[in-house]
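Visitor: The structure that follows is given in the form of C-alpha cells.
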Protein chains: 2
Amino acid sequence: MRVAIVGATGAVGQELLAILEERSFPVSGLRLYASPRSAGRTARFRGEEHVVEAVPESGDLGADVVFSSAGGALSREHAWRWAEHAVVIDNTSAWRMDERVPLVIPEVNPHAVAGHRGLIANPNCSTIIALMALAPLHRAFGLRRATVATYQAVSGAGAAGIGELREQSAAVLASGTAPSGEPLGASTTPRKFRHQIAFNLFSHDSDVGSDGYNGEERKLALESRKILDAPHLAISATCVRVPVFRAHSEAIHAEFERPVGEEEARAVLATAPGVRLVDDRAGNTFPMPLAASGGDATLVGRIRADASLPGALALFVAGDQIRKGAALNAVQIGEALIRG
Amino acid sequence: MRVAIVGATGAVGQELLAILEERSFPVSGLRLYASPRSAGRTARFRGEEHVVEAVPESGDLGADVVFSSAGGALSREHAWRWAEHAVVIDNTSAWRMDERVPLVIPEVNPHAVAGHRGLIANPNCSTIIALMALAPLHRAFGLRRATVATYQAVSGAGAAGIGELREQSAAVLASGTAPSGEPLGASTTPRKFRHQIAFNLFSHDSDVGSDGYNGEERKLALESRKILDAPHLAISATCVRVPVFRAHSEAIHAEFERPVGEEEARAVLATAPGVRLVDDRAGNTFPMPLAASGGDATLVGRIRADASLPGALALFVAGDQIRKGAALNAVQIGEALIRG
C-alpha cells in the first residue's frame, strides 16, 4: 500500500513514521510532504532516507492512504482533492464534525470506517483518551453525563510547545534559588503559548466562546457525542495545559443510565481493548503521564464510586498524546481500512 | 502579643514570619521552635535575628498565640498542653475534625473563632482555596454537590517537595534532548515523593482508603462540610500533584439548591472577600499558579454555566498554597482573635 504523510517533519508526522515501522504496516511506497520550508529535509523509514517534498498543487499525492497532520488550514483547503486519489486519514480538526466524514477510534467505533467517502477524521487527542475509558462504560451502563478536568501535555502544541517547555524550564532553574527553595524565576518570553508553561499551568490555549468554553472543551463534547452516537450526552470539560511533555491525563466524573458499582466498572475496563488498568491503591500507583509516554495503552485508574452521587463513578486516565492521541490512532484507522 | 511559631524553619514557618511582619501583626515577643536538629539556627524578623529553640517539654511556649506547623504527630501529642498557656492556631491536620476545635477560614466562618477552647485549626490548603470561591456561592445559592479536580503544588509537601521538583527537573533537562525535542529523561530517585514529579504528575501522595479516595480528597470533603456547616454537602475530589512550586489550582463543577446563572455567580464572586476575579476570555487569561504565587488573593475564573447540567456552574481557582493555603490563613485567624 502506497502511503503519504503530510506534515512529515512535525511531532505527529515523525511518530507516524515510527509507528508504521513498529507495526509493520504494509508500506509499498512512501511519500513525505511538508511545507516548502521543510522540503528537502530527509526522514528515516525502515533504514532508508526519504526526502521530504513540498505538497504538490495537483492533489495527487502518489499514495493509496494519506495521513494528514499538517494543520487544519491545509486540510480544509486540500483534503477532498487528496481524497479523489487516496483515502485520507485526517489528524486535524478540519472535518471532524462534517457529517460526510466518519470520526473514528478503532477500539470504539470501527464500523464507522466502512461508510467513508475518501476522508476519515482522527479525533482530538483529549477526546480519544477520555473515550478509551468512557466508551466501554457507555456500552455497558449508558453514559449520561461526564465532567472532565484535563492535564494536557505541551506536545499537543507540536514540537514548538515541547521546545518551549524545555527551554523555559532551563531558564527558570538557572535563575537562582530563593531561601524557600523555589527558583527565583526568570522573565520568560512565551512564543508558542500566551503564558509561561514552565512550573505553571493555564487554561487551554484555544479560543474561548461566548458560553465560556474553549475550543478544546467544545471538541471533547461534540466529538464524544458523534463517536458514541449519543447526541444527548452531557459533557462539561475544563481543559488545562500542564508542564508535561507528551501525555495527557484526565480526571473524570461520570453518571450513567443505571447505577454502576465500582467492581462492575473495573471488570468492564479490565477487558476493554487498548486500556491498561493501573489502579494500585496500596502502592499509591495510578495513571501518570510519564508511565503513559511512549506506550500504546491508555492507562485507567482511581476507579471508585463517586462519593458525591450514588451510582456514579470517578476515574483518572492518562494516554500518550502523540501516539494514541494522534499517530497511533491514525495508523489503527489505516489498519481497519486494510482489514476492510 | 507574645507569639510563638512551632516549625519555624519549615516552608510554612518561614512564610508565617514574613506575613506577621508584612501585616504588622502586634508582636511584643517572638519565640521560634523547631526540631532539636534545627535548634540553634536563626531566623530574621523585623530586622533582628531570633534563635530557634527545641520545643520544650513543659508545654509553656512563652507566648499568648502559638502558630503550630511542625506536623501532625507533634500537634497530636502537645497541642492541648500548649493550649493551657496560649491560644494555639494549628496548621496540621491533627485536630481539624475534632468537635471541640473550630476550623476557620476568616473570610468564610469568622464567627467560629469565638467558641474556641484554646485550640483553633487551620484547614487543609486545598480546602481553603476551594471554599474561598464555593463559600460565597453556597451562601447565595445553597451548594448541594461539587466535583473537584486539583492541580497541587509541591510546596504542600514542604521544603523537601520544593527541592525535589527543582533537582529532578534539572537532572531531566541535563539528560540530553531526543529528536522529538523532549528530554531523553534521567533516572530520578524520588525521595519525598513516591514517583517522579519533574515533568510528570500523579495522584496525591496521601494514603488511599477502601473507598478509593485518598487522605487529601477526604479532607476536602469533610473539612468543607464542617466549615460551611453543611453536613449533607456532597463532594467528590480527585487530588493530583503537579510540577508547580507553590500554588494550587482546582477545576470545580458545582450544583446548587436553586439554578444559578453565570452572571449572578460572577456578581457574587466579584465582591467576595479575598477573591480576585481573573476571567478574561478575550485575552485567554484565567487563574494560574504563577499569578497566584506570592499573593494573598484566591484567583477565580472560567466562571461559566455548566454545559452538562442546567443551573450548575463550572469554575477554576488558584491560590498560593503556602500563604492563603496555610500561613496567611493562620495569621488571619490570629487577627480575628485580636479583634475578638
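The values are calculated or read from the model by the stated rules, or taken from the named source; none is laboratory data. All of these numbers come straight from a predicted model, not from anything done at the bench. Counting neighbours? That spans all protein chains shown, and the Cβs are built from the backbone with ideal geometry, glycine included.
Visitor: Out of the residues in the range A:144-161 meeting the condition of being over 21 Å from B:Arg246 (Cβ atoms) and in contact with a strand residue (DSSP E or B) (Cβ under 6 Å, 6 or more places away or on another chain), tell me which one is farthest from the other protein chains (Cβ to nearest Cβ).
Guide: The selected residue is A:Gln152.
Visitor: Say we look at the range A:252-264 and pick out the residues that are within 11 Å of another protein chain (Cβ to nearest Cβ), in contact (Cβ under 8 Å) with a residue 60 or more places away in the chain and more than 18 Å from the chain's Cα centre (by Cα); which of these is surrounded by the fewest Cβ atoms within 10 Å (Cβ to Cβ)?
Guide: Per the stated criteria, the residue is A:Glu255.
Visitor: Also: Filter the range B:15-24 down to residues that are buried (at least 17 other Cβ atoms within 10 Å of the Cβ) and not charged (D, E, K, R) and give me whichever is nearest to the other protein chains (Cβ to nearest Cβ).
Guide: Ranking the candidates gives B:Ala18 first.
Visitor: Would you check which residues across the range B:162-174 are touching a helix residue (DSSP H, G or I) at 6+ places or on another chain (Cβ under 8 Å) and facing chain A (nearest Cβ under 9 Å) and list them?
Guide: Once the filter is applied, which keeps residues that are touching a helix residue (DSSP H, G or I) at 6+ places or on another chain (Cβ under 8 Å) and facing chain A (nearest Cβ under 9 Å), the range B:162-174 yields B:Ile162, B:Leu165, B:Arg166, B:Ser169, B:Ala170, B:Leu173.
Visitor: Next question, about the same structure. Inspect all residues belonging to the range A:171-191 and state whether any of them is basic (Lys, Arg), modelled with pLDDT under 95 and out of contact with any strand residue (DSSP E or B) (no Cβ under 7 Å at 6 or more places or on another chain).
Guide: Taking every residue of the range A:171-191 in turn, at least one turns out to be basic (Lys, Arg), modelled with pLDDT under 95 and out of contact with any strand residue (DSSP E or B) (no Cβ under 7 Å at 6 or more places or on another chain).
Visitor: Give just the number: which of (1) aliphatic (A, V, I, L, M); (2) under 18 Å from B:Val3 (Cβ atoms); (3) modelled with pLDDT under 95 does B:Ala73 not satisfy?
Guide: Every listed condition holds for B:Ala73 apart from (2).
Visitor: From B:Val172, B:Val154, which residue is touching a Leu at 6+ places or on another chain (Cβ under 6 Å) and either closer than 25 Å to A:Gln168 by Cα or free of Cβ contacts under 8 Å to residues at least 60 places away in the same chain (or both)?
Guide: Of B:Val172, B:Val154, the one residue that is touching a Leu at 6+ places or on another chain (Cβ under 6 Å) and either closer than 25 Å to A:Gln168 by Cα or free of Cβ contacts under 8 Å to residues at least 60 places away in the same chain (or both) is B:Val154.
Visitor: Go through the range A:124-143 and report how many residues are within 14 Å of chain B (Cβ to nearest Cβ) and either aromatic (Phe, Trp, Tyr) or farther than 16 Å from A:Glu255 by Cβ (or both).
Guide: Residues meeting the conditions: 1.
Visitor: Return only the number of the condition from (1) assigned to a strand (DSSP E or B); (2) out of contact with any Lys or Arg (no Cβ under 9 Å at 6 or more places or on another chain); (3) hydroxyl-bearing (Ser, Thr, Tyr) that A:Tyr151 does not satisfy.
Guide: Here A:Tyr151 meets the rest and fails (2).
Visitor: Would you be able to tell me the number of residues in the range B:175-228 that are more than 7 Å from chain A (Cβ to nearest Cβ), over 23 Å from B:Ala133 (Cα atoms), crowded, with 16+ Cβ neighbours inside 10 Å and among the hydrophobic types (A, V, I, L, M, F, W, C)?
Guide: Final tally of qualifying residues: 4.
Visitor: Could you tell me whether B:Asp320 is more than 25 Å from A:Ala146 (Cβ to Cβ), within 13 Å of chain A (Cβ to nearest Cβ) and surrounded by 19 or more Cβ atoms within 10 Å (Cβ to Cβ)? Talk me through it step by step, then tell me what you get.
Guide: On the way: more than 25 Å from A:Ala146 (Cβ to Cβ): yes; within 13 Å of chain A (Cβ to nearest Cβ): yes; surrounded by 19 or more Cβ atoms within 10 Å (Cβ to Cβ): yes.
Answer is yes for this residue.
Visitor: Looking at (1) surrounded by fewer than 24 Cβ atoms within 10 Å (Cβ to Cβ); (2) outside any helix (DSSP H, G or I), can you tell me which one A:Pro136 breaks?
Guide: Only one criterion in (1) surrounded by fewer than 24 Cβ atoms within 10 Å (Cβ to Cβ); (2) outside any helix (DSSP H, G or I) is unmet by A:Pro136, namely (2).
Visitor: Which is within 14 Å of chain A (Cβ to nearest Cβ) and among the aliphatic types (A, V, I, L, M), of B:Ala43, B:Ala4? Show your work before the answer.
Guide: Values: B:Ala4 fails: within 14 Å of chain A (Cβ to nearest Cβ).
When all the criteria are applied, what remains is B:Ala43.
Visitor: Let me ask something else about it. Quick check, is A:Ala307 buried (at least 24 other Cβ atoms within 10 Å of the Cβ), outside the structural domain of A:Glu21 (by TED's automatic domain parsing) and in contact with a strand residue (DSSP E or B) (Cβ under 7 Å, 6 or more places away or on another chain)? Break it down into steps so the answer makes sense when it comes.
Guide: On the way: buried (at least 24 other Cβ atoms within 10 Å of the Cβ): no; outside the structural domain of A:Glu21 (by TED's automatic domain parsing): yes; in contact with a strand residue (DSSP E or B) (Cβ under 7 Å, 6 or more places away or on another chain): yes.
Answer is no for this residue.
Visitor: Consider B:Asp280 against the criteria (1) within 29 Å of A:Leu290 (Cα to Cα); (2) over 13 Å from the mean Cα position of the chain (by Cα); (3) not β-branched (Val, Ile, Thr): it satisfies all of them except one. Which criterion is unmet?
Guide: (1)
Visitor: For B:Ala160, only one of the following conditions fails: (1) of a type in the set (Gly, Ala, Ser); (2) under 30 Å from A:Ala159 (Cβ atoms); (3) modelled with pLDDT under 95. What is its number?
Guide: Condition not satisfied by B:Ala160: (2).
Visitor: Residue under question is A:Gly334, and the condition is that it be outside the structural domain of A:Asp205 (by TED's automatic domain parsing) and under 22 Å from the mean Cα position of the chain (by Cα); does it hold?
Guide: Here the answer is yes, as A:Gly334 does meet what is asked.
Visitor: On to the next question. Quick check: anything in the range A:22-45 under 16 Å from A:Ala326 (Cα atoms) and under 23 Å from the mean Cα position of the chain (by Cα)?
Guide: yes
Visitor: Would you mind telling me which numbered condition in (1) on the phi > 0 side of the Ramachandran plot; (2) at the interface with chain A (Cβ under 9 Å from one of its Cβ atoms) B:Ser249 fails?
Guide: Just one mismatch for B:Ser249, condition (1).
Visitor: Any idea how many residues of the range A:47-96 are charged (D, E, K, R) and farther than 23 Å from A:Arg339 by Cα?
Guide: Total satisfying the criteria: 8.
Visitor: Are there any strands (runs of 3 or more DSSP E) wholly within the range B:15-122 with 3 or more residues that are touching a helix residue (DSSP H, G or I) at 6+ places or on another chain (Cβ under 9 Å) and either on the phi > 0 side of the Ramachandran plot or touching a residue at least 60 places away in the same chain (Cβ under 8 Å) (or both), and if so which?
Guide: Answer list for the range B:15-122: B:65-68.
Visitor: Quick test for you: out of B:Ala70, B:Ala11, B:Ala4, pick the one residue that is touching a Lys or Arg at 6+ places or on another chain (Cβ under 6 Å) and crowded, with 22+ Cβ neighbours inside 10 Å.
Guide: B:Ala4
Visitor: So which of B:Leu277, B:Leu299 ends up being without any contact (Cβ under 8 Å) to a residue 40 or more places away in the chain, more than 9 Å from chain A (Cβ to nearest Cβ), among the aliphatic types (A, V, I, L, M) and surrounded by 24 or more Cβ atoms within 10 Å (Cβ to Cβ)?
Guide: Residue meeting the stated conditions: B:Leu299.
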